[in-house]
Amino acid sequence: MWATAGDATSAAGGLGGLVGAAAQVIENLGEWGVGAFTLAETVVPPIPSEVILPLAGYLAKQGSLNLGLIFLTSTLGAYLGALFLYWLGARLGLERSIRGLSKLPLVDREDFEHAAGWFRRHGRSSIFFGRLLPGVRSLISLPAGASSMPLGTFTIFTLAGSALWNGALIGLGYLLGTQYHLIEGYSKYLNYAVYAAIAIAVVLLVVRRVRRAKVNR
């Protein structure tokens, strides 16, 4: 029987700030909520799997979530998100897809162009290795769909890369779960790191758009 968030006393209570809030949300949503997070992260890159998946692994160690199920749901969510972008690229073409998606908050056209360049240089292997690279992982599916990569090949490479990435992050959180007192003591520093990462992402996005506006004048 799968473990659920209601089977144990909340393990998120010892974590404060943004990290504690994220852990509480994950715990309340359960294993399928983790899958929904990874699906959203694939389509909207600023959602950080580097925070969500280790927290899920940590909660699994505490008994709030089932380790096997969060691995399956996170990998399925990543694949479904990648499949959506693959379909979008195949349906609209690369340029129209980039033009539309670059309007999303905290997403810049250069991110899509970087992923497209990676795909041109490395071909189908980029689907596997791209899933392991922040900034490429979420967007590599667009050029794959636009170039009519066979769906079977895309599926195999996407599932393999996603499983490796998700398994590593979930496993890290699971192992850290054995050191609950360390996580509790240092969670405030993790909060600072998350806040700093969000601030840096916003600043970089604003700077790039200001520079592009000056060039286009």
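The values are calculated or read from the model by the stated rules, or taken from the named source; none is laboratory data. The structure displayed is predicted, hence computed values, not measured ones. Cβ: placed from backbone, ideal geometry, glycine included. Neighbour counts: every protein chain shown. The area values use the complete protein model at the heavy-atom level, side chains included, leaving out ligands, DNA and RNA. Shrake-Rupley method; radii C 1.70, N 1.55, O 1.52, S 1.80 Å.
What shape does region 30-151 have by the C-alpha gyration tensor, where a ≥ b ≥ c are the square roots of the eigenvalues, rounded means a/c under 1.5, and otherwise prolate means a/b greater than b/c and oblate the rest?
Because a/c hits 1.5 or more and a/b exceeds b/c, region 30-151 counts as prolate.
With all protein chains present, calculate the accessible area of TYR58 using a 1.4 Å probe and round the result to the nearest 10 Å².
10
Local charge sum around THR155 (other residues, Cβ-Cβ under 13 Å, Lys/Arg +1, Asp/Glu -1)?
Local net charge: +2.
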